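Only one structure is covered here, and it is reproduced in the block below.
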Amino acid sequence: MSESPHENEPGLENQSLPPETALDESQVEAPPVHPLVAFSDADLAGLLRRAVWVTLAIGAIADLVIGLGMGWRNAVLFAVGAGISALSILEWGRLIKLFNASLDQGKTPRGAGLVVGLFLVRLMIFAGVIYGSLKCFQGSPIVLVCGLALALVGLVWEALRLLRG
């Protein structure tokens, strides 16, 4: 038979809670609202803009370290990856804005085909830049992939900031 840890303390068995008092509505606090509940399109645009700056800042610092430790060729490849990461966040932001406008209006906005077409053209340009930088600079492809992964780092950073409130 287990005993409660407070059973043997003197004076606890005779204590009673004070009677509850009625609170009027002005005394009741509303529960705090989580940042995701009131997340708007403007908040998303701000998050993506901050994620671009975080990506560029981390990329610049890491690029200096890579340049000093692994040589200029790898530093250039990392910078290419970081630049593509930052531009990719901007591109995805444009696509999200298009989809949100489509959802808000219930129909596809004018120029949607142009936005999607330019998105695909930019993806092909990014692929060409990646191929050309690997061929031209003869650096480590892993460094380039790490630069490309900076977009994920920047977005996770900003998402965690949002969740913390």
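Residues that are more than 14 Å from the chain's Cα centre (by Cα) and buried (at least 19 other Cβ atoms within 10 Å of the Cβ) were ranked within the range 45-75; the one that is nearest to V121 (Cα to Cα) is G59. Report yes if some residue within the range 32-39 is at pLDDT below 85 and surrounded by 12 or more Cβ atoms within 10 Å (Cβ to Cβ); otherwise report no. Yes, some residue in the range 32-39 is at pLDDT below 85 and surrounded by 12 or more Cβ atoms within 10 Å (Cβ to Cβ). Of all the criteria given as (1) under 25 Å from V156 (Cβ atoms); (2) touching a residue at least 40 places away in the same chain (Cβ under 8 Å); (3) surrounded by 16 or more Cβ atoms within 10 Å (Cβ to Cβ), the one not satisfied by W92 is (3). K135 fulfils the conditions (1) assigned to a helix (DSSP H, G or I); (2) surrounded by 13 or more Cβ atoms within 10 Å (Cβ to Cβ) except for a single criterion, (2). Here S102 meets the list (1) of a type outside the set (K, R); (2) under 23 Å from R49 (Cβ atoms); (3) touching a residue at least 60 places away in the same chain (Cβ under 8 Å) almost entirely, failing just condition (3). Residues that are of a type in the set (A, V, I, L, M, F, W, C) and touching a Pro at 6+ places or on another chain (Cβ under 8 Å) are absent from the range 105-123 altogether.
Residues considered: G139, G154, G106, G113. Of these, the only one that is at pLDDT below 90 and under 25 Å from G67 (Cα atoms) is G139.
For the range 104-111, the count of residues that are assigned to a helix (DSSP H, G or I), of a type outside the set (F, W, Y) and more than 30 Å from C146 (Cβ to Cβ) is nonzero. If I filter the range 114-131 for residues that are among the β-branched types (V, I, T), closer than 16 Å to A57 by Cβ and surrounded by fewer than 16 Cβ atoms within 10 Å (Cβ to Cβ), do I get at least one hit? No, every residue in the range 114-131 fails to be among the β-branched types (V, I, T), closer than 16 Å to A57 by Cβ and surrounded by fewer than 16 Cβ atoms within 10 Å (Cβ to Cβ).
Contact map, the range 43-61: first residue under 13 Å from L162 (Cα atoms), second residue of a type in the set (A, V, I, L, M) and surrounded by fewer than 18 Cβ atoms within 10 Å (Cβ to Cβ), Cβ cut-off under 7 Å, separation 6 or more or different chains; pairs are L44/I96; L47/L162. Tally the residues that are touching a residue at least 24 places away in the same chain (Cβ under 8 Å), part of a helix (DSSP H, G or I) and of a type outside the set (S, T, N, Q), restricting the search to the range 65-74. Residues that pass the stated criteria total 3.
The values are calculated or read from the model by the stated rules, or taken from the named source; none is laboratory data. Quick caveat, the model's predicted, so the values are computed rather than measured. Cβ: placed from backbone, ideal geometry, glycine included. Neighbour counts: every protein chain shown.
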